[in-house]
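The values are calculated or read from the model by the stated rules, or taken from the named source; none is laboratory data. Treat the numbers as computed from the prediction; the structure is a model and nothing was measured. Note that we place each Cβ from the backbone using ideal geometry, even for glycine, and neighbour counts take in every protein chain shown. Heavy atoms of the whole protein, side chains included, go into the accessibility calculation; ligands, DNA and RNA do not. Shrake-Rupley method; radii C 1.70, N 1.55, O 1.52, S 1.80 Å.
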Amino acid sequence: MKVLREWHLKGIILVTLIGAFCGVIFWGTSFLYNLLAAALTPFGLQPFANEATFGLYTLAGPLAAFIIRLPFSATLGEFLGAFVEMILGSQWGVADLLSGLIQGLSSELGFAVLGYKHYDWLGIVSTTITTTVITFAWDMIKSGYANYHIGFLLLLFLTRLVSVFLFSGILTYLISRLLEKSQVLSR
């Protein structure tokens, strides 16, 4: 795909559509999260529900970046997805907006450190690392993860890393390649 150099109406429409589509996915993922959390709670493993589904909640940022390829597309895509999730009646309400902003900026950072030049496996690895590290640090504060034993914390981190790599990484890469091959996004 040819890289756009500046924002145009087509890019704005695309990031909005990606955000809206992913917002519906985020909202639907909440049901999966709740089922998984309920199943894991009796074993004291409820935090793993968040970690296992986390990559689905961070899908919009990398997908927007891979398709639009402009600075701040990841941030905007993720934030719009969080907005749509909230509007649909998410259990987290307005807190979705803060999460969407943090997740979007953390994904954005992965592309920014590479100069917005790598929409390939290097970009996937970079955004996976920045998204996992920054959002996990946020959960250390927000969700009280700092109170967990180091071994449990490490398992949570690894679960998040795998989830983000699979859903926000590999799935994003495959979707963008399919769209490119189908020439739906010809520039």
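Key figures
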read-out: Scope the stretch 26-39; condition touching a helix residue (DSSP H, G or I) at 6+ places or on another chain (Cβ under 7 Å) and either among the polar types (S, T, N, Q) or open to solvent by less than 40 Å² (accessible area, probe 1.4 Å) (or both); matching residues; value: Phe26, Thr29, Tyr33, Ala37
read-out: Test: residue in the stretch 30-49 that is part of a helix (DSSP H, G or I), closer than 22 Å to Tyr148 by Cα and touching a residue at least 60 places away in the same chain (Cβ under 8 Å); value: yes
read-out: Enumeration of residues in the stretch 116-136 that are open to solvent by 40 Å² or more (accessible area, probe 1.4 Å) and either more than 15 Å from the chain's Cα centre (by Cα) or touching a residue at least 40 places away in the same chain (Cβ under 8 Å) (or both); value: Tyr116, Lys117, His118, Asp120, Trp121, Leu122, Val125
read-out: Matching entry among Ser163, Ser99, Ser182 (being in contact (Cβ under 8 Å) with a residue 60 or more places away in the chain, out of contact with any strand residue (DSSP E or B) (no Cβ under 8 Å at 6 or more places or on another chain) and among the small types (Gly, Ala, Ser)); value: Ser163
read-out: Filter result (assigned to a helix (DSSP H, G or I), under 16 Å from Lys10 (Cβ atoms) and out of contact with any Phe, Trp or Tyr (no Cβ under 6 Å at 6 or more places or on another chain)) within the stretch 65-79; value: Ile67, Ile68, Ser73, Leu76, Gly77
read-out: Selection count where residues are over 17 Å from the mean Cα position of the chain (by Cα), surrounded by 14 or more Cβ atoms within 10 Å (Cβ to Cβ) and over 15 Å from Leu45 (Cβ atoms), scope the stretch 138-173; value: 1
read-out: One residue from Ala64, Ala74 being within 18 Å of Leu109 (Cα to Cα), touching a Pro at 6+ places or on another chain (Cβ under 7 Å) and open to solvent by less than 20 Å² (accessible area, probe 1.4 Å); value: Ala74
read-out: Residue within the stretch 88-108 that is open to solvent by 30 Å² or more (accessible area, probe 1.4 Å), closer than 18 Å to Thr132 by Cα and in contact with a Ser or Thr (Cβ under 6 Å, 6 or more places away or on another chain) present; value: yes
read-out: Meets criteria (exposed (fewer than 14 other Cβ atoms within 10 Å of the Cβ), in contact with a helix residue (DSSP H, G or I) (Cβ under 9 Å, 6 or more places away or on another chain) and of a type in the set (Val, Ile, Thr)) for Ile18; value: no
read-out: Members of the stretch 174-187 found to be open to solvent by less than 80 Å² (accessible area, probe 1.4 Å) and in a helix (DSSP H, G or I), listed by number; value: Ile175, Ser176, Arg177, Leu179, Glu180, Ser182
read-out: Search result, residues across the stretch 94-128 that are hydroxyl-bearing (Ser, Thr, Tyr) and outside any helix (DSSP H, G or I); value: Tyr116, Tyr119
